[in-house]
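The values are calculated or read from the model by the stated rules, or taken from the named source; none is laboratory data. Small disclaimer: the values here were computed from a predicted structure and weren't measured. Using ideal geometry, Cβ is built from the backbone for each residue, glycine included, and neighbour counts are taken over all protein chains shown. Accessible surface is based on the protein model in full, side chains and every heavy atom, while ligands, DNA and RNA are left aside. Shrake-Rupley method; radii C 1.70, N 1.55, O 1.52, S 1.80 Å.
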Amino acid sequence: MNHMEKREAMRGTCIAVIGGIFWGLAGVFGQYLFTYKGLNARWLVSVRLVLAGLLLLATVLVKQKGDMWRIWKRKKDVFWLMLFAIFGMAGCQLTYYSAVEMSNAGTATVLQYTAPAIIMLYTALRAKKMPGILEIGALVLALFGTFVLATHGNIHSLAISREALVWGLTSAVMMAVYNLLPLKLMKEYGTFCVIGWGMLLGGILMCLFTRPWHVIGTWDLQAVGAMAVVVVVGTVLSFSFYMEGVRMIGASRASLFASVEPVTATAATVLMMHATFTLSDFFGILCIMAAVLILSIRK
């Protein structure tokens with residue numbers, strides 16, 4: 001690797017890390033809106049998806065122009081896009097922010113990051129192939145880390161609320177769906193086009209139930225700023241930085257470095273929201289992150 005290639009790899013690494021940091025911050029600012037401004041997960045997610053979807057599709061329109069509408073010409077692709085919008089996008093976002101609302105951004109993000117272990121298990125079952133030693137070890141680490149995070153080692157009590165645990169683990173399943181469901185669509189129409197339509201459709205469908213035009217909470221400059229971080233930084237910029245990192249250093253390495261997201265969410269939750277994590281919490285987080293890193297390196 002020559003000097004120019006090393007510089008490009010370093011730039012790609014930094015860009016992928018920044019994308020992961022931006023993703024992590026979205027959950028923390030969402031928690032801020034829940035705690036101090038009176039919003040709830042359903043209202044926030046429906047508005048976030050619509051606004052972020054419109055912003056992403058605007059960038060697609062500038063780059064791809066008429067190709068943005070091509071996905072609507074095949075009924076089969078529209079069917080899969082609707083499934084992705086409902087279960088992959090709206091389902092993933094709603095369960096994640098519900099877990100944030102019931103606990104905190106750090107805990108919710110770490111629980112959601114058991115998704116790679118779920119994806120690995122699903123892939124192995126579908127291929128009818130036993131996972132390797134490293135994959136099995138990562139699965140055990142993820143399960144053990146979740147157990148420690150949820151119980152602090154005491155099987156007779158939960159260290160977090162039952163609702164937070166259920167929402168957090170459900171968000172991991174939804175994140176697995178989010179990663180697996182749109183793969184063929186993304187290859188055909190592009191990542192930003194599929195993600196943008198998925199967000200917009202998922203948000204519109206949620207709006208039918210949440211009716212976000214009935215504004216809730218307290219709105220001031222701080223609330224608007226936090227919402228901007230959730231929508232712009234935590235969605236548009238995070239995806240843009242991450243995908244640029246994928247272009248420069250490849251998907252496997254970019255996903256590895258973007259795993260800084262739960263670390264960012266945990267650190268920001270402690271610094272900004274003054275949440276308290278025990279040694280047991282950090283040990284559980286460490287186990288889950290070790291599982292993610294093993295699976296990323298293996299991939």
Evaluation of residue 47 against (1) closer than 22 Å to residue 104 by Cβ; (2) open to solvent by 10 Å² or more (accessible area, probe 1.4 Å); (3) over 18 Å from the mean Cα position of the chain (by Cα) (one fails), failing number: (3)
Contacts under 6 angstrom Cβ, first residue in region 266-279 being over 24 Å from residue 154 (Cα atoms), partner not in a helix (DSSP H, G or I), 6 or more apart: 269/104; 269/275
Count - residues of region 109-137 that are β-branched (Val, Ile, Thr) and crowded, with 21+ Cβ neighbours inside 10 Å: 3
Subset tally (residues that are crowded, with 16+ Cβ neighbours inside 10 Å and either out of contact with any helix residue (DSSP H, G or I) (no Cβ under 6 Å at 6 or more places or on another chain) or not in a helix (DSSP H, G or I) (or both)) for region 138-168: 5
Selection status of residue 253, modelled with pLDDT under 90, assigned to a helix (DSSP H, G or I), crowded, with 16+ Cβ neighbours inside 10 Å and charged (D, E, K, R): yes
Near pairs, Cβ below 7 angstrom, 6+ apart or cross-chain, from region 27-41 (in contact (Cβ under 8 Å) with a residue 12 or more places away in the chain) to any residue that is open to solvent by less than 10 Å² (accessible area, probe 1.4 Å) and not in a helix (DSSP H, G or I): 33/39
Test result for residue 60, farther than 21 Å from residue 293 by Cα, more than 19 Å from the chain's Cα centre (by Cα), of a type in the set (Val, Ile, Thr) and in a helix (DSSP H, G or I): yes
Failed criterion for residue 289 (all others in (1) over 15 Å from the mean Cα position of the chain (by Cα); (2) under 14 Å from residue 142 (Cα atoms) hold): (1)
Any hit, region 85-93, residues being open to solvent by 70 Å² or more (accessible area, probe 1.4 Å), more than 29 Å from residue 279 (Cα to Cα), part of a helix (DSSP H, G or I) and touching a helix residue (DSSP H, G or I) at 6+ places or on another chain (Cβ under 8 Å): yes
Residue among 27, 20 that alone is at pLDDT below 90, open to solvent by less than 50 Å² (accessible area, probe 1.4 Å) and not hydrophobic (A, V, I, L, M, F, W, C): 20
Tally, over region 190-211, of residues that are more than 17 Å from the chain's Cα centre (by Cα), closer than 30 Å to residue 64 by Cβ and surrounded by fewer than 19 Cβ atoms within 10 Å (Cβ to Cβ): 4
Region 66-79, residues that are open to solvent by 100 Å² or more (accessible area, probe 1.4 Å), farther than 24 Å from residue 231 by Cβ and assigned to a helix (DSSP H, G or I): 73, 75, 76, 79
Qualifying residue in region 93-101 (condition: within 22 Å of residue 283 (Cα to Cα), free of Cβ contacts under 8 Å to residues at least 60 places away in the same chain and not charged (D, E, K, R)): no
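Give me a count of the residues in region 207-247 that are part of a helix (DSSP H, G or I) and within 26 Å of residue 268 (Cβ to Cβ).
26
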